[in-house]
1. Of the residues that make up region 152-163, is at least one over 30 Å from residue 17 (Cβ atoms) and surrounded by 14 or more Cβ atoms within 10 Å (Cβ to Cβ)?
2. Output the residues belonging to region 73-91 that are in contact with a helix residue (DSSP H, G or I) (Cβ under 8 Å, 6 or more places away or on another chain) and either surrounded by fewer than 17 Cβ atoms within 10 Å (Cβ to Cβ) or assigned to a loop (DSSP other than H, G, I, E, B) (or both).
3. What is the one condition in (1) modelled with pLDDT of 95 or more; (2) assigned to a loop (DSSP other than H, G, I, E, B) that residue 126 does not satisfy?
4. Is one or more of the residues making up region 166-180 more than 30 Å from residue 16 (Cα to Cα), outside any helix (DSSP H, G or I) and at pLDDT below 95?
5. Among residues belonging to region 11-33 that are under 15 Å from residue 61 (Cα atoms) and surrounded by 14 or more Cβ atoms within 10 Å (Cβ to Cβ), point out the one that is nearest to the chain's Cα centre (by Cα).
6. Residue 29: in a helix (DSSP H, G or I) and either touching a strand residue (DSSP E or B) at 6+ places or on another chain (Cβ under 8 Å) or under 27 Å from residue 159 (Cα atoms) (or both), yes or no?
7. Please determine whether any residue of region 34-43 is surrounded by fewer than 17 Cβ atoms within 10 Å (Cβ to Cβ), within 23 Å of the chain's Cα centre (by Cα) and assigned to a helix (DSSP H, G or I).
8. Please work out which residue is farthest from residue 172 (Cα to Cα), limiting yourself to region 138-155 and to residues that are more than 16 Å from the chain's Cα centre (by Cα) and not in a loop (DSSP other than H, G, I, E, B).
């Protein structure tokens, strides 16, 4: 039942330590580890065995969530390289921040348009392209050893996550209104 809590998350799931990820292999190895260490398997064990099983599955769940998310996986890769992150860290790229504000405003305007859902869908596609671009930028900077630029890309990923979430919520709201 013992698991090495000092190994990194990639090692835990027998994955290469890199940004591109085989999501199917992650899911397969996650299920295998969960099955092996799930607390239900130790329901009749000692208190210590049950406690260890809960801690182990917590660790496995945390590692899985960290690697499934491109932003969290990118951040984790930088942490493995000794890059520090602070709660208040943000990008200082003013052009990027202006573009983010403009996209948010475009979502607000699109919501009021006659063809609102179509406009929001177009903006959502632009956001997806931005996500792909910033993830590609991160990978290039990481491979080149430009850790400060890679960190800035991770910070920008958070903005894109929020924009993507806003676009999805707005799409769902508009779809609900269409069928109400």
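The values are calculated or read from the model by the stated rules, or taken from the named source; none is laboratory data. Keep in mind that what you see is a predicted model, and the values were worked out from it rather than measured. No Cβ is skipped: glycine too gets one built from the backbone with ideal geometry, and neighbour counts run over all protein chains shown.
1. Filtering region 152-163 for residues over 30 Å from residue 17 (Cβ atoms) gives none.
The answer is no; no qualifying residue exists.
2. Within region 73-91, 81, 83, 85, 89, 90, 91 meet the criteria.
3. Failed condition: (2).
4. Within region 166-180, the subset more than 30 Å from residue 16 (Cα to Cα) is 166-180.
Cutting the leftovers down to outside any helix (DSSP H, G or I) gives us 179-180.
Next, from what is left, pick out any that are at pLDDT below 95: 179-180.
Yes: one or more hits.
5. 26
6. For residue 29, the condition - in a helix (DSSP H, G or I) and either touching a strand residue (DSSP E or B) at 6+ places or on another chain (Cβ under 8 Å) or under 27 Å from residue 159 (Cα atoms) (or both) - is not met.
7. Let us first name the residues in region 34-43 that are surrounded by fewer than 17 Cβ atoms within 10 Å (Cβ to Cβ), namely 34-36, 38, 40-41, 43.
Now restrict to residues that are within 23 Å of the chain's Cα centre (by Cα): 34.
From the residues that got through so far, the ones that are assigned to a helix (DSSP H, G or I) too are 34.
Checked against the condition, which is being surrounded by fewer than 17 Cβ atoms within 10 Å (Cβ to Cβ), within 23 Å of the chain's Cα centre (by Cα) and assigned to a helix (DSSP H, G or I), region 34-43 yields at least one hit.
8. Of the residues in region 138-155, the ones more than 16 Å from the chain's Cα centre (by Cα) are 140-149.
Remaining after also requiring not in a loop (DSSP other than H, G, I, E, B): 140-144, 147-149.
On the way: 140: 34, 141: 35, 142: 35, 143: 38, 144: 40, 147: 37, 148: 37, 149: 35 Å.
Ranking the qualifying residues of region 138-155, first place goes to 144.
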